[in-house]
Structures are given as C-alpha cells and as structure tokens.
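Reading through the structure tokens given below for one structure.
Nothing in this text is a laboratory measurement; each read-out follows from the coordinates by a stated rule. For clarity, every value in this text was computed on a predicted model and none was experimentally measured. Cβ: placed from backbone, ideal geometry, glycine included. Neighbour counts: every protein chain shown.
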Amino acid sequence: MSDGHQQNGHENVPSRQRRRFPGISSRAYEHPADRSALVALRKLSGFDTVFKALSGLLPERSLRLLFLSDSVRVSDQQFAHLNDMLRDACYILDLEKVPPMYVNQDPQPNAMCIGLDEPIIVVTTGLVELLDEEEMRAVIGHEVGHALSGHSVYRTILLFLTSLALKVAWIPLGNLAIMAIVTALREWFRKSELSADRAGLLVGQDLTASMRGLMKLAGGNHLHEMNVDSFLKQAEEYEAGGDLRDSVLKILNVLPRSHPFTTIRAAELKKWSESRDHQRIMDGHYPRRAEDKDTSVTDSFRESASSYASNVKSSKDPLMKLVSDLAGGAGDLGGRVRRGFGGFASSAPQDRPPTDPTDEPGPANGTDTPPRDN
C-alpha cells in the first residue's frame, strides 16, 4: 500500500492507504481506440528500431539539456512533495524506473511526458500553484500513465512534426503531407489523454479530486464558484445541443487540439469510474504486463470498433444520431439531413412527390444491407 506524505510548508490531506497494482499492463486502463493503435504499432516488425534510428533527427537530447539547464529537477531536495507523489505513482502502477521530473517556469497550467529513449515528465509552475495535493496526485499519475503506455515516444514525434510543419509552411505540398500526419497523431493523442486520465484516477483513487483538477483547468482557482454536477451537465449540453451545423463546428474546433475539451474529459472519466472495468481493476483483476506479448491485434481492433459503435449508438450528438440511423437503415435521408441543419431547412425546397422513377426513395444498390467498412 502507498501512504500519503506530509511535507513542511505544504497543507496536505491526512495520509491514507491506496491500492497498488503489481505488474499492471497499460491495457487495463487504455481507451479502446488508443489501445488498438498502440498494439498495432508495437506488433510492427522493426518498429522500435526505426524510432530509435529517428532519435538522432529529433531534438530529444536538446530538450533534456534545456530542462536540465533551465528548469528545476524534482528530488528530495527540490519540490520534495512532488517527488514523493511521483514515487508513489510509480509504486502504485508498478513502474520500476522512476522517470525524471522537472518544474518549468510557465504561468500556463500544463504537464507533459516526452522522450524517445526514456520518458521525462515536465510540469509548469502554473499547474503546481493551481492544484492542491490530491489534484496534483491525479495529474502526476496521469503523466506516469503516459510513461507506462509508451505515449512519450509518439508525443515527442508529434511535437517535432508540429514544429517541422511550421518551418515548411511555405511549401504547400510538403506542409499538407506533414499536417496530415500531425492531424492523425493528434486524433490518437486525444484518445491517449482519456487513457492517462484513467491512470491518474488509479493513482489518486479520488474521483472528486480528479474532477476538481479538471474544473480548475477550465475555470481557474475558483472552486467556491464551481459545481461538479453543473460542470458535467455542460458536457451533456455540448454533446446533445444544436443541429448538424454545430456537429461540424465541434469537429473543426477539436481538430487543432492535442487534448479533448475539459468537460468531455470529466464526463468520460466519471463514466469509466462507474464501469465494471474500473471496479475489476480495483478488485485486483486486470491484464498483466507479462501477457502483453500475447495480445491479439485483431481482438484489439475488434474491441475498438465495438467501442466506437457503442459510442455512436448512445451519442446524443445530431451527427452521430444521423450516422446511427443510417447504420440502422433508417429512411428519408434527405428529410433528416434538412431537419438536422435547422435554419438551412427553411430555405430548402419542400419535399415533393417523386415525378420520375429515379426520384423514388430507396437504397442505390437495391438492397437493404447497410454499408460496412472494409
């Protein structure tokens, strides 16, 4: 069991025991979409070799020197309370090698886990000053979760490619090619953030603290002005509100982001905390690292596809509801789309009886079988 630590000068909650997860595999807490992508990458022949060859091209060495020279390395002598939390997080998730952690002067609350050869964790002063002890435990657990999952490798590549895209922005085709990769990596990384949020909950083992931390990231250090239930209702309103135009705007808004929106993260984490999967982990029933080599790529993709299908079916978003209806063979597609776009429908021509056989509604291929991905 892991105990909390009391440090002079820091107002901590009383020490309490936390459950430990010996040998836990990152598969236990990874979002299905995140997990299937990682399993597939890990199975690729020569994948590790290729990325290690890239290490000479990526600015990892300079990043390490930069943080070493211009940030404060966490230790027993510096930010000792953070060092205790880091060691606790690694103990709980059974990460044998404790990654180095740095505090960087930056008023913007942020944290990241980067590195190709070995991960390093960086937290900003803005984050340290914003969060209390239990909230910070969840954040450090979040970053240790990234390290255990191997996310630091892809995060480093994403940072490098984003920087490269800015440098070659004047080359239209070159920039488009790089941005296509960056967009795909961002989509994966947003899913990886949901995975790491779950790891943070496993480390902190305090859902309320995780919720508080996410609310502070959204609204600052004004907890007396915020309410968890109301905050979660924002996520419901965001998902269900508006029409198809709003659905498209949601997609466009999230594309340039590396993280999901904060209310969505809170809702996703609360949902997972109430799931059977989370309860099984807390009861000691979870995948072990020793079994990772036997993981089936096909099973992971099947689980990911099942998760996406379930999310689409249960989603209240207008676009997702339309997709679900189409998958279910719902008719009157034109009418549904016009109604979905709300204001546009009033200016569209009214439905009229078909005057030509080609106008008759029905599947184009003459069958009721819905289309499926290959």
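Quick look at the values:
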{"read-out": "Distance violations [Cα-Cα > 25 Å] among LYS191/LYS270; LYS191/LYS233; LYS233/LYS271; LYS97/LYS216; LYS216/LYS271", "value": "LYS97/LYS216"}
{"read-out": "Peptides ranked, highest mean first, by Cβ atoms within 10 Å: ranges 284-293, 137-146", "value": "137-146, 284-293"}
{"read-out": "Peptide ranges 271-283, 75-87, 119-131, 196-208 listed from the most packed, as the mean C-beta count within 10 angstrom indicates", "value": "196-208, 119-131, 75-87, 271-283"}
